Amino acid sequence: MKKIAVIGAGPAGLTAAYQLSKAEGIEVELYEAADQVGGLSKTIELWGQQVDLGPHRFFSSDARVNELWLEVVEKDYQMVDRLTRIYYKGKFFHYPLKATNALKNLGIVEAIRCGFSFFKEQVLPTKDTSHFEGWVTNRFGKRLFEIFFKTYSEKLWGISCTELDADFAAQRIKKLSLYEAIKSALFPPKENKHKTLVEQFAYPLQGTGMVYNRMKTKIEANGGVVLLSSPVERILTQNGKVYGLLLEDGSEKHYDHVISTMPLSQMVKRLPEVPPNIKNLASKLQFRNTILVYLNIAGQDLFKDNWLYVHSNNLEMGRITNFKNWVPSLYGESSNTILVLEYWCNFDDKLWETSEEELIHLAQKEIQQTGLIKNAEILAGKIVKIPRCYPVYKTGYKEILKPIETYLSTIPNLSIIGRYGAFKYNNQDHSILMGILAAENILSNKENNLWEINTDYETYQESSVITETGLVRNSV
């Protein structure tokens, strides 16, 4: 019998624990500091409706990830038509960008300026593409960078785009092509049998958190243990191997292997036997916090988007989600609409210490300023603060991260996964894949390199897509 501990009940940790719980000869215990599973992908009840912690769209082309998702969700999901736009200077731009829509909203003068800026880059390209600003400018031109990338990115990360590593751009927008946008506008593609990533996604009927609540139930049915409100103080090592955990209540538990999704900087600084230079590097890794302001609005059909990216620099918020535009089972019979406005900050920013009353007032003022809710009454507000939810890809972060990865790879019975744990800007599907592969390494003595799974991961095995009728496979 092998005893395995998993730290953190987000998508990565729950997936690993779920896969391990299905195997014979494995005793798995999952520790979660919060009183609910799901991590960033949990669903909460608010004013008689179900809401996520912001917009959590699931999409993957990896057959292993999709098979597991369907195994847990079964048929309790619905395909959602995706509409996400950029709100900029009172106008709405489709995202991904559509040339005709963008040109119409920009106006002829600004469109010409963007065109000249783009063609200038073809003749005299920006040479330094090591940072986000240089990478984007090189591909789209300075004007398009300033309109569609600069303000939002600096709100999210809290640093100048010249301080943000180009790795973020390469992962997140590498497939966005101005040529393709113009081409698709002039020569629309023929209708596909199945809608694409851009157009549609599968969504659980009870919210994203339903996936992870069901995983918890299945883990326990398989004999595993899920311990809520049970924070881990640190992982215990001796002679270069893990032997257990020290819990925050002072108790010590022994294990043969530990899978950690604890924030990497915290985990490394608390880990015994770590060389001082590695601890010093870990202290340089930065995470960004999120403040969610939920507003209960008396009204329906406020605007048609699932969520909006707010690029206007006169507004502090960065994103708005409209839960009325996901699936009807979230809001049931309620005639009200719940919006959530997202604000991003660091621990030492004034916003993080601002009172709930002031934050709700700020959100009310800003949503009214956009005109999105017209004269609808705001009935109530609710604040949810999430620390350390975005790993900051500051320029040079890879040089900091690599020695930490190398050191941790020398500990044979320690696996590091998840957005927090691996310091990767993961979506749900990447974290689920990390959990699958971490379990594989333990159960089948595989040597999957978990550090290589990132947001730019592309499957080279069997690809697939989830549709309303189930899984559709494509051999690659």
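The values are calculated or read from the model by the stated rules, or taken from the named source; none is laboratory data. Since the model is a prediction, treat every value here as computed from it, not as a measurement. Methodologically, a virtual Cβ is constructed for each residue, glycine included, from the backbone with ideal geometry; neighbour enumeration extends over all protein chains shown.
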Restricting the range 21-35 to residues that are among the charged types (D, E, K, R) and more than 22 Å from the chain's Cα centre (by Cα), the one surrounded by the fewest Cβ atoms within 10 Å (Cβ to Cβ) turns out to be E24
I need the full set of residues from the range 402-420 which are of a type in the set (S, T, Y) and either in contact with a strand residue (DSSP E or B) (Cβ under 7 Å, 6 or more places away or on another chain) or touching a residue at least 40 places away in the same chain (Cβ under 8 Å) (or both), in order please. Y407, S409, T410, S415, Y420
If you take the residues of the range 259-282 that are hydroxyl-bearing (S, T, Y) and under 15 Å from P387 (Cα atoms), which of them is nearest to the chain's Cα centre (by Cα)? T261
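Out of G371, G381, G421, I need the residue that is touching a Leu at 6+ places or on another chain (Cβ under 8 Å) and over 25 Å from A166 (Cα atoms). Which one?
Among G371, G381, G421, only G381 is touching a Leu at 6+ places or on another chain (Cβ under 8 Å) and over 25 Å from A166 (Cα atoms).
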From D301, D256, D305, residue being in contact with a strand residue (DSSP E or B) (Cβ under 9 Å, 6 or more places away or on another chain), charged (D, E, K, R) and in the same structural domain as A422 (by TED's automatic domain parsing): D256
Could you tell me whether any residue of the range 283-296 is free of Cβ contacts under 8 Å to residues at least 12 places away in the same chain, over 21 Å from the mean Cα position of the chain (by Cα) and surrounded by fewer than 20 Cβ atoms within 10 Å (Cβ to Cβ)? no
Against the condition among the aliphatic types (A, V, I, L, M), within 21 Å of R288 (Cα to Cα) and at pLDDT 90 or above, how does A438 come out, does it pass? no
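Give the residue that is nearest to M1 (Cα to Cα), with candidates limited to residues of the range 248-280 that are assigned to a helix (DSSP H, G or I) and not hydrophobic (A, V, I, L, M, F, W, C).
The extreme case among them is R270.
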Scan the range 384-401 and give yes if some residue there is under 26 Å from L245 (Cβ atoms), surrounded by 15 or more Cβ atoms within 10 Å (Cβ to Cβ) and free of Cβ contacts under 8 Å to residues at least 60 places away in the same chain, otherwise no. no
Do we find a residue being modelled with pLDDT under 90, of a type outside the set (A, V, I, L, M, F, W, C) and touching a strand residue (DSSP E or B) at 6+ places or on another chain (Cβ under 6 Å) anywhere in the range 190-202? yes
Given the criteria outside any strand (DSSP E or B), among the acidic types (D, E) and under 28 Å from H56 (Cβ atoms), does E121 qualify? no
Considering residues of the range 36-50 that are over 16 Å from the mean Cα position of the chain (by Cα) and not in a loop (DSSP other than H, G, I, E, B) only, the residue surrounded by the fewest Cβ atoms within 10 Å (Cβ to Cβ): E45
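Condition first: in a loop (DSSP other than H, G, I, E, B) and either over 12 Å from V37 (Cβ atoms) or of a type outside the set (A, V, I, L, M) (or both). Now tell me which residues in the range 226-241 satisfy that. It would help to see each step written out before you state the result.
Residues of the range 226-241 that are in a loop (DSSP other than H, G, I, E, B), as a first pass: 228-231, 239-240.
Across the range 226-241, the qualifying residues are S229, S230, P231, N239, G240.
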Got at least one residue in the range 273-280 being modelled with pLDDT under 95, charged (D, E, K, R), over 27 Å from M79 (Cβ atoms) and surrounded by fewer than 18 Cβ atoms within 10 Å (Cβ to Cβ)? yes
Are there any pairs with C-beta distances below 7 angstrom linking a residue in the range 205-232 that is at positive phi and touching a residue at least 24 places away in the same chain (Cβ under 8 Å) to a residue that is of a type in the set (A, V, I, L, M) and crowded, with 21+ Cβ neighbours inside 10 Å, with the two at least 6 apart or on different chains, and if so which? G207/L330
Among the candidates G13, G54, residue that is assigned to a helix (DSSP H, G or I) and small (G, A, S): G13
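Taking the conditions exactly as written (assigned to a helix (DSSP H, G or I), in contact (Cβ under 8 Å) with a residue 24 or more places away in the chain and within 29 Å of H131 (Cα to Cα)), does L351 satisfy them or not? Walk me through how you get there before you give the answer.
Values: assigned to a helix (DSSP H, G or I): yes; in contact (Cβ under 8 Å) with a residue 24 or more places away in the chain: yes; within 29 Å of H131 (Cα to Cα): yes.
Criteria met by L351.
Quick one: would you say E220 is exposed (fewer than 15 other Cβ atoms within 10 Å of the Cβ), modelled with pLDDT of 95 or more and part of a helix (DSSP H, G or I)?
yes
Test I338 against the stated conditions and say whether it is assigned to a loop (DSSP other than H, G, I, E, B), β-branched (V, I, T) and surrounded by 19 or more Cβ atoms within 10 Å (Cβ to Cβ).
no
Tell me which residues, restricted to the range 67-82, are within 18 Å of the chain's Cα centre (by Cα) and either modelled with pLDDT of 95 or more or of a type in the set (S, T, Y) (or both). Let's see the steps before the verdict.
Going through the range 67-82, the residues within 18 Å of the chain's Cα centre (by Cα) turn out to be 69, 82.
The answer is W69, and nothing else.
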Report the residue count in the range 292-325 for those that are within 12 Å of T84 (Cβ to Cβ), assigned to a loop (DSSP other than H, G, I, E, B) and of a type outside the set (D, E). 3
For the range 373-401, the count of residues that are under 17 Å from the mean Cα position of the chain (by Cα) and not in a strand (DSSP E or B) equals 2
Which one of these does R139 not meet: (1) among the basic types (K, R); (2) surrounded by fewer than 16 Cβ atoms within 10 Å (Cβ to Cβ); (3) under 25 Å from A170 (Cα atoms)? (2)
